Amino acid sequence: MTDSRLGTEHLSLGYGDAAIVADLTVAVPDGRITVIVGPNACGKSTLLRGLARLLRPATGRVVLDGTDIASLHTKEVARRLGLLPQTSIAPEGITVADLVARGRFPHQKLLRQWSNDDEAAVAEAMRLTGVGDLAGRLVDELSGGQRQRVWVAMVLAQQTPLLLLDEPTTYLDIAHQVELLDLFAMLNRSHGHTVVCVLHDLNHASRYADELVVMKAGRIVGQGDPRTVVTAELIEEVYGLRCQIIDDPQTGTPLIVPRASPHLTAGR
Amino acid sequence: MRSATTPMPGRHLVLRVGGVSVRASRRTVLWVWLLVLLVAVTAVIAVGLGKYHVAPMDVLSVLAGSNTSFDRVVVLQWRLPRMLMALLVGGALGLSGAIFQAVTGNALGSPEIVGVNFGAYTGALAVLATAGGGYYAVAGGAMIGGLVTAAVVYALSYRHGVAGYRLIVVGIAVGAVLNSVNQWIVIKLDHHTAVTAAVWQQGTLSGLTWLQVVPMTVCVALLISALVLLGPQLPVLQLGDDAAGALGLRPDRARAAYLVVGVGLVAAACAAAGPITFVALAAPQLARRLTGSPGVALVPAAVMGAVLLLVSDVIAQQLFRDNELPVGVVTVSLGGCYLIYLLVTQARKR
């Protein structure tokens with residue numbers, strides 16, 4: 001077993017009566033990239049929101065550094081664990097530097113609201129995400145890919161060892177998706193961040209994950225190295241999709257190729 | 001890390017006083033000072049205006065204590081309380097507007113639109129009808145009326161969190177109901193009180209003395225202290241609940257705390273001068289456009305609110321020399337124009 005700072009114990013989460021995540025126990029391995037995949041409404045985003053203590057557990061608990069996360073002060077949690085949510089609001093007329101600076105909130109005190117450490121953290125976060133040149137630009141005017149990197153910079157300015165990312169590549173074109181995933185890989189490999197990421201694209205997940213967590217109907221149905229976890233049987237069981245698995249010619253990781261439908265091949 | 005360059009050098013100031021340090025953009029700081037200067041100049045001129053005219057230089061000499069002529073009575077006893085009240089009420093309304101707009105995430109989400117003004121007025125009228133008057137009693141009634149209204153609007157629009165637009169629609173409906181309740185109470189009042197209430201319903205600063213200025217100052221000072229104690233949470237709250245929660249804020253708790261302070265400011269203003277509209281709606285947005293602050297910011301909105309109400313009150317007093325208007329009539333007229341502008345520009349953006 002590798003070390004783990006963040007995990008769940010018999011965690012159930014749900015809005016109202018319906019349990020979306022049921023009796024789930026998982027440990028996030030330190031210093032690795034963990035990717036959570038699964039079909040729509042399988043509870044993967046809900047699990048991530050639970051890990052970030054945005055949702056109160058119905059039963060069970062989320063454990064951060066050996067302590068029940070619900071008993072920790074919210075700002076204390078925010079100094080250890082950063083989250084890039086699916087939807088955030090950039091206030092009208094905000095500049096890139098101002099938005100990134102808001103990531104310093106958990107480090108600020110009532111009177112000392114801005115320190116040299118804050119300044120340095122913001123500059124470093126913008127440098128790592130390559131948005132330093134955009135510092136004075138309005139967030140509204142940026143492209144989708146740039147905007148998402150600015151939000152990542154805000155989370156990095158929080159300076160947390162743990163990074164949780166909720167479908168960060170949605171709405172981005174393929175080039176910006178890869179660019180962003182490479183950024184997360186760099187943060188993990190060169191800066192030691194533990195990354196937990198919810199993704200839709202199985203091929204991206206297989207390529208970037210050290211640890212793949214496959215969910216279905218609120219439960220984990222597969223976990224481990226993508227090379228051993230991803231099989232045609234599992235994909236069919238989870239997604240109801242018949243496919244062929246080949247090796248990614250670049251990385252040797254699994255590449256999922258859906259079977260062609262007879263309608264498609266009939267006319268050729 | 002230490003060698004990291006300053007992001008956007010020159011665009012921001014870090015204001016340090018003792019152990020206190022706050023970051024603000026240069027443009028915002030500059031505009032806030034310009035507005036404060038505008039307030040000061042307008043105030044000095046405004047205090048001199050009227051049937052007994054006092055030149056600005058004479059006003060200054062009275063304020064400096066070197067002028068002991070009749071000017072002194074006119075400035076210090078007749079006109080200064082009203083002018084200060086315009087600044088206090090305007091500032092309180094500007095602040096509450098900024099709070100409400102930030103919390104609802106909508107430029108239309110100000111207290112007069114979401115019904116809190118009407119509710120505060122209902123509370124004040126109820127006190128007036130049952131217990132007579134007195135600033136603290138009326139302010140207390142307005143506070144309770146405003147809080148109950150805010151709570152009702154909040155509860156009616158709650159569905160897995162509160163969406164700004166739903167809060168506004170519910171607030172407009174609740175405000176319409178309360179408005180008719182207010183009319184009904186006024187009809188039921190005895191003739192003398194009803195006339196007072198009717199003028200007051202427009203919002204007026206007429207006839208205010210030091211007796212009203214002192215309690216208003218105390219209320220506003222207390223509420224501003226509460227805002228300072230809440231710290232820099234409002235900018236984080238404006239990023240949406242998930243982002244705010246991830247940054248270590250409890251969004252529901254923060255929203256409730258800000259709404260209580262916001263309602264308190266509206267109630268204090270309402271008790272002093274009636275349910276004046278438009279200032280809370282427009283001040284935060286005008287301030288935002290002028291100062292270029294990201295989202296709605298508190299300090300610029302407060303100063304802008306003071307400017308708007310002071311200027312409106314000068315217009316109300318001077319427009320028809322012998323027939324002074326309630327200041328609320330001026331702000332409503334200006335507000336109508338502003339609302340049309342806002343709706344047109346927002347509709348065009350969609």
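The values are calculated or read from the model by the stated rules, or taken from the named source; none is laboratory data. None of the values given here were measured: they were computed from a predicted structure. No Cβ is skipped: glycine too gets one built from the backbone with ideal geometry, and neighbour counts run over all protein chains shown.
Brief remarks follow.
- Hits in the stretch A:160-185 - residues which are on the phi < 0 side of the Ramachandran plot and touching a His at 6+ places or on another chain (Cβ under 9 Å): A:Thr160, A:Pro161, A:Leu162, A:Leu163, A:Thr169, A:Thr170, A:Gln177, A:Val178, A:Leu181, A:Phe184
- Only residues that are at the interface with chain B (Cβ under 7 Å from one of its Cβ atoms) and within 21 Å of A:Cys197 (Cβ to Cβ) were counted in the stretch A:67-77, giving 1.
- Residue within the stretch B:152-164 that is outside any loop (DSSP other than H, G, I, E, B) and among the basic types (Lys, Arg) present: no
- Residue match in the stretch A:186-202 (condition: on the phi < 0 side of the Ramachandran plot, part of a strand (DSSP E or B) and surrounded by fewer than 19 Cβ atoms within 10 Å (Cβ to Cβ)): no
- Among the conditions (1) over 22 Å from B:Tyr341 (Cα atoms); (2) in contact with a Lys or Arg (Cβ under 7 Å, 6 or more places away or on another chain); (3) at pLDDT below 90, the only one that B:Gln318 does not satisfy is (2).
- Subset of the stretch A:102-126 that is more than 7 Å from chain B (Cβ to nearest Cβ) and either farther than 22 Å from B:Arg11 by Cα or over 19 Å from the mean Cα position of the chain (by Cα) (or both) - its residue that is modelled with the lowest pLDDT: A:Lys109
- Scope the stretch A:133-149; condition away from chain B (no Cβ under 12 Å), of a type outside the set (D, E, K, R) and over 14 Å from the mean Cα position of the chain (by Cα); matching residues: A:Leu142, A:Ser143, A:Gly144, A:Gly145, A:Gln146
- Only one of the numbered conditions (1) surrounded by fewer than 18 Cβ atoms within 10 Å (Cβ to Cβ); (2) facing chain B (nearest Cβ under 10 Å); (3) assigned to a strand (DSSP E or B); (4) not acidic (Asp, Glu) is violated by A:Arg61, and that is (2).
- Evaluated against (1) farther than 16 Å from B:Ser110 by Cβ; (2) within 14 Å of chain A (Cβ to nearest Cβ); (3) not in a loop (DSSP other than H, G, I, E, B), B:Gln285 falls short on exactly one condition, (1).
- Qualifying helices (runs of 4 or more DSSP H) (wholly inside the stretch B:43-134; at least 3 residues being of a type outside the set (Val, Ile, Thr), surrounded by fewer than 24 Cβ atoms within 10 Å (Cβ to Cβ) and in contact with a Gly (Cβ under 6 Å, 6 or more places away or on another chain)): none
- Counting the residues of the stretch A:78-96 that are in contact with a helix residue (DSSP H, G or I) (Cβ under 6 Å, 6 or more places away or on another chain), more than 15 Å from A:Val139 (Cα to Cα) and either acidic (Asp, Glu) or more than 7 Å from chain B (Cβ to nearest Cβ) (or both) gives 2.
- Listed conditions (1) over 16 Å from the mean Cα position of the chain (by Cα); (2) modelled with pLDDT under 85 are all met by B:Ala107, apart from (1).
- Candidates B:Leu247, B:Leu309 - the one that is free of Cβ contacts under 8 Å to residues at least 12 places away in the same chain, in contact with a helix residue (DSSP H, G or I) (Cβ under 9 Å, 6 or more places away or on another chain) and either away from every other protein chain (no Cβ under 14 Å) or more than 24 Å from B:Tyr121 (Cα to Cα) (or both): B:Leu247
- Candidates are the residues of the stretch A:26-57 that are surrounded by fewer than 17 Cβ atoms within 10 Å (Cβ to Cβ) and within 15 Å of A:Gly14 (Cβ to Cβ); the one that is nearest to the other protein chains (Cβ to nearest Cβ) is A:Arg56.
- When B:Val220, B:Val148, B:Val228 are screened for being aliphatic (A, V, I, L, M), surrounded by fewer than 16 Cβ atoms within 10 Å (Cβ to Cβ) and either more than 30 Å from A:Gln86 (Cβ to Cβ) or in contact with a helix residue (DSSP H, G or I) (Cβ under 7 Å, 6 or more places away or on another chain) (or both), only B:Val228 passes.
- Residues satisfying the stated conditions in the stretch A:163-185, i.e. aliphatic (A, V, I, L, M), crowded, with 16+ Cβ neighbours inside 10 Å and within 14 Å of the chain's Cα centre (by Cα): A:Leu163, A:Leu164, A:Leu165, A:Leu180, A:Leu181, A:Leu183
- Residues of the stretch A:98-135 that are in contact (Cβ under 8 Å) with a residue 24 or more places away in the chain, among the small types (Gly, Ala, Ser) and out of contact with any helix residue (DSSP H, G or I) (no Cβ under 7 Å at 6 or more places or on another chain): none at all.
- Note on the stretch B:312-331: among residues that are aliphatic (A, V, I, L, M) and surrounded by 19 or more Cβ atoms within 10 Å (Cβ to Cβ), the one that is farthest from B:Ser206 (Cα to Cα) is B:Val330.
- The lone exception for B:Gly231 - which of (1) at pLDDT below 90; (2) more than 11 Å from chain A (Cβ to nearest Cβ) it fails: (2)
- Among the candidates A:Arg207, A:Arg227, A:Arg219, residue that is charged (D, E, K, R), surrounded by fewer than 18 Cβ atoms within 10 Å (Cβ to Cβ), closer than 18 Å to A:Gly38 by Cα and in contact (Cβ under 8 Å) with a residue 40 or more places away in the chain: A:Arg219
- Per-region count, the stretch B:255-276, residues β-branched (Val, Ile, Thr) and surrounded by fewer than 24 Cβ atoms within 10 Å (Cβ to Cβ): 2
- For the stretch A:201-220, the count of residues that are within 29 Å of A:Gly50 (Cα to Cα) and among the polar types (S, T, N, Q) is nonzero.
- Residues in the stretch B:151-195 that are of a type in the set (Ser, Thr, Tyr) and exposed (fewer than 15 other Cβ atoms within 10 Å of the Cβ): B:Tyr158, B:Tyr165, B:Ser180.
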